[in-house]
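Single-structure report; data block below.
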Amino acid sequence: MPLPLIYHDDYSPQFPPEHRFPMDKFRLLRDHLVASGLVRDADLLRPELCPTDILALAHDRDYIERYMAGNLAREDQRRLGLPWSEALARRTVRAVGGSLLAAEQALQHGLACHLAGGTHHAHHDHPAGFCIFNDLAVISHYLLGSGQVGNVLIFDCDVHQGDGTARILADTPSAITVSLHCEKNFPARKADSDWDIPLPMGMGDEAYLQVVDETLDYLLPLYRPDIVLYDAGVDVHKDDALGYLQLTDAGVSARDERVLRHCLGRDIPVMGVIGGGYSKDRQALARRHGLLHHSAQRVWTDLGL
């Protein structure tokens, strides 16, 4: 069977073209993966909307209702940084559904990747940093609460710390939060992940990949998770607008492949989400995000999953 890849046409609603959040990158990523021959559009798995009861495993119900109705307070709108619309609200809930579907596919087949996801700045009762609902926290609570897994490890390689994930899951010992992030970057006030690994500005491929290898070699045998939720943010790239690290395309691709091989080599299923990535060159950004899916396909083929 083909590598499970999850996408929906709701992911890139109409959006102000001058806005610094590249909302069209999800559609462009799909177009890139199809054009490169990795997948046919008809083979992409289309998710349902995430039910409110599942969102509420990680989020305050009043907050969910206020966001979906377009009634966020001005301060919350400022922290979010995205203009509200019905299409964006639907896209947001659909994308959490996409991460849920990807996690279930990963448990079933060993590996699955989303063409969105990684909204790790969203908190229990408020948005932040372009993130409304935290798919990583929702998935963790859902899989643990439904008994599908006994423990979850979130391996967050976005250049920004996964502060929302860390705070939502702070009292959930079966959800281990790991954040590799640039030490001097958003958010200014960091949360306490189970494992925070702050990286110096300007770090390049070789040093970064060594940290990835050493971290996974230590943590995977220590926790033996039943699934790894991998946030493959490409804002670690040297050309990213909001990054401050210096990874190349080859470095990002090697990171993704190493993460997947570390986990799958220990028979640990992996669900990949794309995380952050920011550039005015949207085509280049889409190709950068696609490194995850091409790396996953190589691993999928090599391991005969």
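Number of residues in the range 222-250 that are among the acidic types (Asp, Glu), crowded, with 24+ Cβ neighbours inside 10 Å and not in a loop (DSSP other than H, G, I, E, B): the value is 1. Contact map, the range 193-208: residues that are of a type outside the set (A, V, I, L, M) paired with residues that are surrounded by fewer than 17 Cβ atoms within 10 Å (Cβ to Cβ), Cβ distance under 6 Å, separation 6+ or inter-chain. Pairs shown: Pro198/Glu183; Asp205/Thr248.
Scanning the range 164-217 for residues that are of a type in the set (Val, Ile, Thr) and either at positive phi or touching an Asp or Glu at 6+ places or on another chain (Cβ under 9 Å) (or both) returns Thr165, Ile176, Thr177, Val178. Applying a threshold of 8 Å to beta carbon distances and a minimum spacing of six or more residues, or different chains, the list of pairs starting in the range 24-39 at a residue that is under 12 Å from Arg288 (Cα atoms) and ending at one that is among the basic types (Lys, Arg) and surrounded by fewer than 23 Cβ atoms within 10 Å (Cβ to Cβ) reads Lys25/Arg282; Leu28/Arg282; His32/Arg287. Scanning the range 31-48 for residues that are buried (at least 18 other Cβ atoms within 10 Å of the Cβ) and closer than 25 Å to Pro127 by Cβ returns a single hit, Pro47.
Elements of the type helices (runs of 4 or more DSSP H) sitting completely within the range 74-163 and holding at least 2 residues that are surrounded by fewer than 17 Cβ atoms within 10 Å (Cβ to Cβ), more than 13 Å from the chain's Cα centre (by Cα) and on the phi < 0 side of the Ramachandran plot: these cover 74-80, 86-109.
Restrict the check to the range 54-66 and report whether at least one residue is exposed (fewer than 13 other Cβ atoms within 10 Å of the Cβ) and of a type outside the set (Asp, Glu). Yes - at least one qualifying residue is present in the range 54-66. Taking the numbered list (1) within 29 Å of Leu72 (Cα to Cα); (2) touching a Leu at 6+ places or on another chain (Cβ under 8 Å) in turn, Gly164 passes all entries but (2).
Please work out if Arg79 is charged (D, E, K, R), in contact with a strand residue (DSSP E or B) (Cβ under 6 Å, 6 or more places away or on another chain) and modelled with pLDDT under 95. For Arg79, the condition - charged (D, E, K, R), in contact with a strand residue (DSSP E or B) (Cβ under 6 Å, 6 or more places away or on another chain) and modelled with pLDDT under 95 - is met. Remark: Tyr218 falls outside the filter, which requires a residue to be touching a residue at least 12 places away in the same chain (Cβ under 8 Å) and aromatic (Phe, Trp, Tyr).
Among the residues making up the range 164-197, those that are over 15 Å from Gly118 (Cα atoms), part of a strand (DSSP E or B) and modelled with pLDDT of 95 or more are Ala175, Ile176, Trp195, Asp196, Ile197.
Take the conditions (1) of a type outside the set (D, E, K, R); (2) surrounded by fewer than 17 Cβ atoms within 10 Å (Cβ to Cβ); (3) touching a strand residue (DSSP E or B) at 6+ places or on another chain (Cβ under 9 Å); (4) part of a loop (DSSP other than H, G, I, E, B); Ala207 misses just one of them, which is (4). Of the residues making up the range 1-43, those that are in contact with a helix residue (DSSP H, G or I) (Cβ under 7 Å, 6 or more places away or on another chain), within 30 Å of Leu80 (Cα to Cα) and part of a loop (DSSP other than H, G, I, E, B) number 7. Say whether the condition of being under 22 Å from Asn185 (Cβ atoms), touching a residue at least 12 places away in the same chain (Cβ under 8 Å) and buried (at least 24 other Cβ atoms within 10 Å of the Cβ) is met by at least one residue in the range 256-270. Yes, the range 256-270 contains a residue that is under 22 Å from Asn185 (Cβ atoms), touching a residue at least 12 places away in the same chain (Cβ under 8 Å) and buried (at least 24 other Cβ atoms within 10 Å of the Cβ).
The values are calculated or read from the model by the stated rules, or taken from the named source; none is laboratory data. Since the structure is predicted, the reported quantities are computational estimates derived from the model, not experimental observations. Using ideal geometry, Cβ is built from the backbone for each residue, glycine included, and neighbour counts are taken over all protein chains shown.
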